[in-house]
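Participant: Structure provided below as structure tokens; questions to follow.
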Amino acid sequence: MTVEQEQLNILVVDDEPAALRVLAEIVRRQGHQTVEASSAEEILALLPYWTFQVAFLDHNLPGMEGLVLGEYLRRSNPDMTIALVTGDYSPGLERRTREIGLEFIRKPYRMAEILDVVESYVAKAEAREQERKQQADAYHAPPIAEFIADLAAYFRMPNVPSRIEQRLVKVVKEALNNLRSSQRYNERERVVALSGLLAAQVLGVSLPRASAGHRSLLEEYDAVMREQGRRCEFTRDGLK
């Protein structure tokens, strides 16, 4: 379900009953849940039990100004979209409202101004979700390096025939040789090398050292991947 399809919890605060009723009705007609209050104290009592995505706050509230309440809500929930809706206007009030990350709406307002605030939350929430997915995509592969040493113990396959061991080592080395060359590098060889190395770990095959230097074949794979700008699999921070 997308953010646009979700029912939002929207806070509406105004100490004038008629103004509160009208604003809440505008929001409800869009299919959202409203929680209405006439003072900051009422809201503070509700906060432990509710999570709000959007808030509309009158400024002249009994006990605590709407601007102060908005600043508190902003600190508690940085992702909330909050609008100060007030008949009082001064450049200083509007400036301070925007400085703390709140929207500023003057009474009498147009319905479109209220709907724009809700749509602003939806757009920002969609953007956050897309960013989260993009960040997750970079790490979608399982964290092999975290558990590679445990694979043999999990599967427990002792006494693997020597012909299988030899075949695995031969195929992995050939694939790594091809991967070292920019001209011969291809994703097929990458998959072959990775599959062979994982199979060796699963079967408990003791792999020889790489022909180039004193690296293990697992370390050699990661070294080649770093050179080719690809994901390392067997060392947590790439080649160590």
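Participant: Count, please, the residues in the stretch 170-210 that happen to be in contact (Cβ under 8 Å) with a residue 40 or more places away in the chain and in a helix (DSSP H, G or I).
Facilitator: Result for the stretch 170-210: 10.
Participant: Determine the pairs where a residue that is exposed (fewer than 13 other Cβ atoms within 10 Å of the Cβ) and in a helix (DSSP H, G or I), located within the stretch 87-98, has a partner that is modelled with pLDDT of 85 or more and not aliphatic (A, V, I, L, M) with Cβ atoms under 7 Å apart, the partner being 6 or more residues away or on another chain.
Facilitator: Partner pairs satisfying both residue conditions: Arg98/Phe104.
Participant: Test Arg167 against the criterion of being closer than 13 Å to Val205 by Cα, charged (D, E, K, R) and at pLDDT 90 or above, and give yes or no.
Facilitator: yes
Participant: In addition: So, in the stretch 92-119, of the ones that are within 21 Å of Gln30 (Cβ to Cβ) and of a type in the set (Val, Ile, Thr), which residue ends up farthest from the chain's Cα centre (by Cα)?
Facilitator: Ile105
Participant: With the checklist (1) under 17 Å from Arg75 (Cα atoms); (2) in a helix (DSSP H, G or I); (3) aliphatic (A, V, I, L, M) in hand, flag the one item Leu57 doesn't pass.
Facilitator: (2)
Participant: Okay, next question. What is the residue count in the stretch 172-201 for residues that are surrounded by fewer than 16 Cβ atoms within 10 Å (Cβ to Cβ) and either of a type in the set (Val, Ile, Thr) or touching a Cys at 6+ places or on another chain (Cβ under 6 Å) (or both)?
Facilitator: Adding up the residues that qualify gives 1.
Participant: Only one of Glu131, Glu126, Glu71 is among the charged types (D, E, K, R), surrounded by 14 or more Cβ atoms within 10 Å (Cβ to Cβ), out of contact with any strand residue (DSSP E or B) (no Cβ under 7 Å at 6 or more places or on another chain) and at negative phi; which?
Facilitator: Within the list Glu131, Glu126, Glu71, the selection yields Glu71.
Participant: Is it true that Gly63 is farther than 21 Å from Thr34 by Cα and touching a Lys or Arg at 6+ places or on another chain (Cβ under 7 Å)?
Facilitator: For Gly63, the condition - farther than 21 Å from Thr34 by Cα and touching a Lys or Arg at 6+ places or on another chain (Cβ under 7 Å) - is not met.
This table checks each residue for (1) of a type outside the set (Gly, Ala, Ser); (2) assigned by TED's automatic domain parsing to the domain that holds Ser38; (3) out of contact with any helix residue (DSSP H, G or I) (no Cβ under 6 Å at 6 or more places or on another chain).
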{"residue": "Gln53", "(1), (2), (3)": "yes, yes, no"}
{"residue": "Asn60", "(1), (2), (3)": "yes, yes, yes"}
{"residue": "Val68", "(1), (2), (3)": "yes, yes, yes"}
{"residue": "Leu73", "(1), (2), (3)": "yes, yes, yes"}
{"residue": "Leu84", "(1), (2), (3)": "yes, yes, no"}
{"residue": "Gly87", "(1), (2), (3)": "no, yes, yes"}
{"residue": "Arg96", "(1), (2), (3)": "yes, yes, yes"}
{"residue": "Arg106", "(1), (2), (3)": "yes, yes, yes"}
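The values are calculated or read from the model by the stated rules, or taken from the named source; none is laboratory data. Quantities reported herein were computed from a predicted structural model and do not represent experimental measurements. Virtual Cβ from ideal backbone geometry, glycine too; neighbours counted across all protein chains shown.
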